[in-house]
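> Dumping the structure here so I can ask a few things about it.
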Amino acid sequence: MQASEARRAVAAAVSTAVSLGLAADDVTVLQDSNKLTLRLLPCDVLARVAPAAQQVARFEIELAQRLTAAGCPVAALEPRVEPRVHERDGFEVTLWTYYEPLTPRREIPPADYAHALRRLHAGMRTLDVPTPHFTDRVEQAQRLVADHDRTPELADADRELLGDTLRSLRRAIGEHGGAEQLLHGEPHPGNVLTTGNGLLFIDLETCCRGPVEFDLAHAPEEVGEQCPGIDRDLLRQCRRLVLAMVTAWRWDKDDQLPEGRRLGTEWLGRIRAARGLGGPDARR
């Protein structure tokens, strides 16, 4: 978020918490992207604040409740207040349980990561929830790449490379067939917490339908090796697709990921290598 918007978002979170009887004298920003993730003290609550125009908070709240009831390893909502979206000053505020991390996310053992993801997928298979298809997110990346105004620094050759890669892999994965189900959508290490309650997944706004290999493509390669019964060829295609998608996001002129442009350049090299066009090793 821009600095002025972030200040308003923090104020919205604090005033929401106080209005609900939660003391919020101190605020720590845990994540700043398209939304703010804040730790409020001394009530020790995690607040997620997004512009109301995004309209994803209600979906995330409802899904979190259903996944928790199904026994899925997901972060819980704050139990001291009503589970709902709070609207304030043009923002949607949701309040969640804060979990003190036990170990750095990069140190999650692959077997534990895979086990947690299997539990999540097993619980998701029991739910009938209307969600976008994973190809809808691919289309978003394709539209971004095709929009010169939104990606002005993307060179023509790289724009063609990304567009062709997204289009061909989307088609190949779609033609592959196979079972599909509800997915997390982005279960990468940044969306996994190590807690006293075990591994917990967060950020449910990206949930979609598709093959489980699409979810596994966001996790480290060692995690996929711990998952028997998956389609290895499909997983490789999904990894290439996910790499192309996240590369596209890095060229959005509004992208605020630290070192995003450097990563976008590096990942373009991996995509070229995967297509036999030269460049560094294509593995993620």
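The values are calculated or read from the model by the stated rules, or taken from the named source; none is laboratory data. The structure presented is a predicted model; accordingly, all values stated were derived computationally and were not measured. As a convention, Cβ positions derive from the backbone with ideal geometry for all residues, glycine included, and neighbour counts pool all protein chains shown. All accessible areas refer to the heavy atoms of the entire protein, side chains included, with ligands and DNA or RNA removed. Shrake-Rupley method; radii C 1.70, N 1.55, O 1.52, S 1.80 Å.
> For A155 and S168 in one chain, what is 0.36 nm times their gap in residues minus the Cα-Cα distance, to one decimal in nm? Write down the numbers at each step before the final one.
Working: separation 13, 0.36 × 13 = 4.68 nm, distance 1.99 nm.
Stretched fully, the A155-S168 segment lengthens by 2.7 nm.
> With just the Cα atoms defining each centre, how far is the range 228-271 from the range 192-207? Give it in Å.
Measuring centre to centre over Cα atoms gives 21 Å.
> Kindly provide the helix-only [θ] at 222 nm of the chain, computed as the sum of -39,500 (n - 2.57) over DSSP H runs of four or more divided by all residues, to the nearest 500 deg cm²/dmol?
Values: 9 runs with 122 residues, N = 284.
Helix contribution divided over all residues of the chain: -14000 deg cm²/dmol.
> With a probe of 1.4 Å, find how much accessible area the chain has per residue, and write the answer as a whole number in Å².
Working: 13610 Å² over 284 residues.
Using a 1.4 Å probe on heavy atoms only, each residue of the chain averages 48 Å².
> If I histogram all Cα-Cα distances within the range 153-228 using bins 10 Å wide from 0, what percent of pairs lands in each bin?
Here the calculated profile for the range 153-228 is 16, 36, 33, 13, 2.
> While we're here: So for E87, E78, E139, what's the accessible-area order with a 1.4 Å probe, most first? Walk me through the intermediate numbers first.
Details: E87 120, E78 10, E139 60 Å².
Order by accessible area, largest first: E87, E139, E78.
> In whole Å, what is the distance between the alpha-carbon centres of the range 106-138 and the range 52-95?
When both Cα centres are located, 18 Å separates them.
> Follow-up question, since we're still on this one. At 7 Å along the Cα-to-beta-carbon direction for both D136 and D231, put a label point, then send me their distance in nm to one decimal.
2.2
> Residue by residue, what Karplus-based ³J(HN,Hα) values in Hz, rounded to whole numbers, does the range 196-207 have, using 6.51, -1.76 and 1.60 with θ = phi - 60° and x for Gly and Pro?
x, 9, x, 6, 10, 8, 10, 6, 8, 5, 8, 4
> In nm, to one decimal, how far is the modelled label at D25 from the one at R262, with both set 7 Å along Cα→Cβ?
4.0
> A further question on this structure: Tell me the net charge near A13. Cut-off is 9 Å between Cβ atoms, A13 excluded, with +1 for each Lys or Arg and -1 for each Asp or Glu. Let's see the in-between values first.
On the way: positive: R48, R88; negative: none.
Counting the neighbours of A13, the net charge comes to +2.
> Right, next: For E92, what residues show an amide H to amide H distance below 5 Å, using hydrogens built from the backbone and excluding near sequence neighbours?
Result for E92 returns A50, A52.
> Under a crude label model (7 Å from the Cα following the beta-carbon direction), how far is R84 from D147 in nanometres?
So the two model labels end up 3.3 nm from each other.
> Of the labelled options (i) -0.30, -1.24; (ii) -0.20, -1.38; (iii) -0.16, -1.36, which one gives log10 I(q)/I(0) by the Debye sum over Cα atoms at q = 0.06, 0.16 Å⁻¹ as computed for this structure?
The listed entry that was calculated here is (ii).
> Per-residue accessible area for S168 at 1.4 Å probe radius, Å² rounded to 10?
40
> For the range 201-267, which GluC sites (Glu not before Pro) are both in a DSSP coil and crowded by at most 11 other Cβ atoms within 10 Å? All intermediate terms of the calculation are to be shown ahead of the outcome.
Details: sites: E205, E213, E221, E222, E225, E259, E266; in loops: E225, E259.
The qualifying sites are E259.
> Related question: Would you tally the net charge around L204, using a Cβ to Cβ cut-off of less than 12 Å, leaving L204 out, and scoring K and R as +1, D and E as -1? If you can, show how the numbers build up before the last one.
On the way: positive: R48, R58, R66; negative: E60, E62, E186, D203, E205.
It works out to a net charge of -2.
> Give the carbon-plus-sulfur fraction of the accessible surface of the range 1-155 in %, rounded to a whole number; probe 1.4 Å, heavy atoms of protein chains only.
Working: 3970 of 7880 Å².
Percent of accessible area from carbon and sulfur atoms in the range 1-155: 50.
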